[in-house]
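Working notes for the structure below.
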């Protein structure tokens, strides 16, 4: 018994789980094929808020994986859905890449550059001092303030890392004294979003990823099964030192018994 007999839906992280950089792991397609052959569903979820949903769909297509838009979930959409529900029509200043801004425009969000009600901080690889100063001014003066994904670093090819959204939030905190609530993994907002969008019960879902503090932590304290793969960031030593523990650990996707 693998503990996966009840699982009807797999939600996979991307970088470090199904590929590294621009190279698809050679076992990924076999895993996805087997998921389908056993009558289950698979989805992808990325915390990276610097790119649009379509950009990820196109990247997967280039790697030979064709999916429906509904199978590609991104942290930005968790934030957008929440804002539409609880902050309808309030004006928003987005600190993010042109792709992130376009994603907000696509969903008819009320964007502004001046005197917003809300500041949204994304993983902004186009961050400028002007954007940073503006955000700090609005946050310091009492704007509602949210971050999209809490990752400290974004992994790059060759074992390198660049500062991610969480690190940018720390910079703003140093200036303003305020740190945002986040929407991406491991936020409960993300877990609720996954359950709603897939339509499965929590105990029918398995989340697979390579990061303890996002991919695994999002399922912590819930009936969702968490599966850590050691093909990306986390190591067995990290698991020993972490308060967050996965339900299952495998070397990579090829070892997961379906």
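The values are calculated or read from the model by the stated rules, or taken from the named source; none is laboratory data. As the structure is a prediction and not an experimental result, all values here were calculated from the model. Cβ coordinates were reconstructed from backbone atoms using ideal geometry, including for glycine residues, and neighbour counts include every protein chain displayed.
A few comments on the model shown:
One line per residue, one yes/no per condition, for (1) closer than 20 Å to residue 177 by Cβ; (2) at pLDDT below 95; (3) more than 23 Å from the chain's Cα centre (by Cα):
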{"position": "119", "(1), (2), (3)": "yes, no, no"}
{"position": "136", "(1), (2), (3)": "yes, no, yes"}
{"position": "145", "(1), (2), (3)": "yes, no, no"}
{"position": "148", "(1), (2), (3)": "no, no, no"}
{"position": "151", "(1), (2), (3)": "no, yes, no"}
{"position": "154", "(1), (2), (3)": "no, yes, no"}
{"position": "161", "(1), (2), (3)": "no, yes, no"}
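- Whenever a residue of region 18-31 is without any contact (Cβ under 8 Å) to a residue 60 or more places away in the chain and not assigned by TED's automatic domain parsing to the domain that holds residue 154, its partners that are surrounded by 18 or more Cβ atoms within 10 Å (Cβ to Cβ) and part of a helix (DSSP H, G or I), lying with C-beta atoms within less than 7 angstrom and at least six residues away or across chains, give the pairs 19/28.
- Residue 186, sole failed condition from (1) out of contact with any helix residue (DSSP H, G or I) (no Cβ under 8 Å at 6 or more places or on another chain); (2) assigned to a loop (DSSP other than H, G, I, E, B): (1)
- The residue list 89, 124 contains one member that is under 17 Å from the mean Cα position of the chain (by Cα) and part of a loop (DSSP other than H, G, I, E, B), which is 124.
- Given (1) out of contact with any helix residue (DSSP H, G or I) (no Cβ under 8 Å at 6 or more places or on another chain); (2) assigned by TED's automatic domain parsing to the domain that holds residue 16; (3) more than 17 Å from residue 73 (Cα to Cα); (4) surrounded by 15 or more Cβ atoms within 10 Å (Cβ to Cβ), number of the condition residue 167 does not satisfy: (2)
- Evaluation of residue 70 against (1) surrounded by fewer than 17 Cβ atoms within 10 Å (Cβ to Cβ); (2) free of Cβ contacts under 8 Å to residues at least 60 places away in the same chain; (3) not assigned by TED's automatic domain parsing to the domain that holds residue 149 (one fails), failing number: (2)
- When region 200-228 is filtered for residues that are in contact with a helix residue (DSSP H, G or I) (Cβ under 6 Å, 6 or more places away or on another chain) and in a strand (DSSP E or B), the ones remaining, listed by number, are 207, 209, 226, 228.
- The set of residues from region 32-63 being in contact (Cβ under 8 Å) with a residue 60 or more places away in the chain, more than 25 Å from residue 79 (Cβ to Cβ) and assigned to a loop (DSSP other than H, G, I, E, B) comprises 38, 40.
- The listed residue being crowded, with 20+ Cβ neighbours inside 10 Å, farther than 18 Å from residue 72 by Cβ and more than 19 Å from the chain's Cα centre (by Cα), out of 256, 227, 249: 256
- For region 25-41, the criterion of a residue being surrounded by 19 or more Cβ atoms within 10 Å (Cβ to Cβ), at pLDDT 95 or above and under 15 Å from the mean Cα position of the chain (by Cα) is satisfied by no position.
- The residue list 101, 95, 78 contains one member that is free of Cβ contacts under 8 Å to residues at least 40 places away in the same chain and either closer than 22 Å to residue 164 by Cα or in contact with a helix residue (DSSP H, G or I) (Cβ under 9 Å, 6 or more places away or on another chain) (or both), which is 101.
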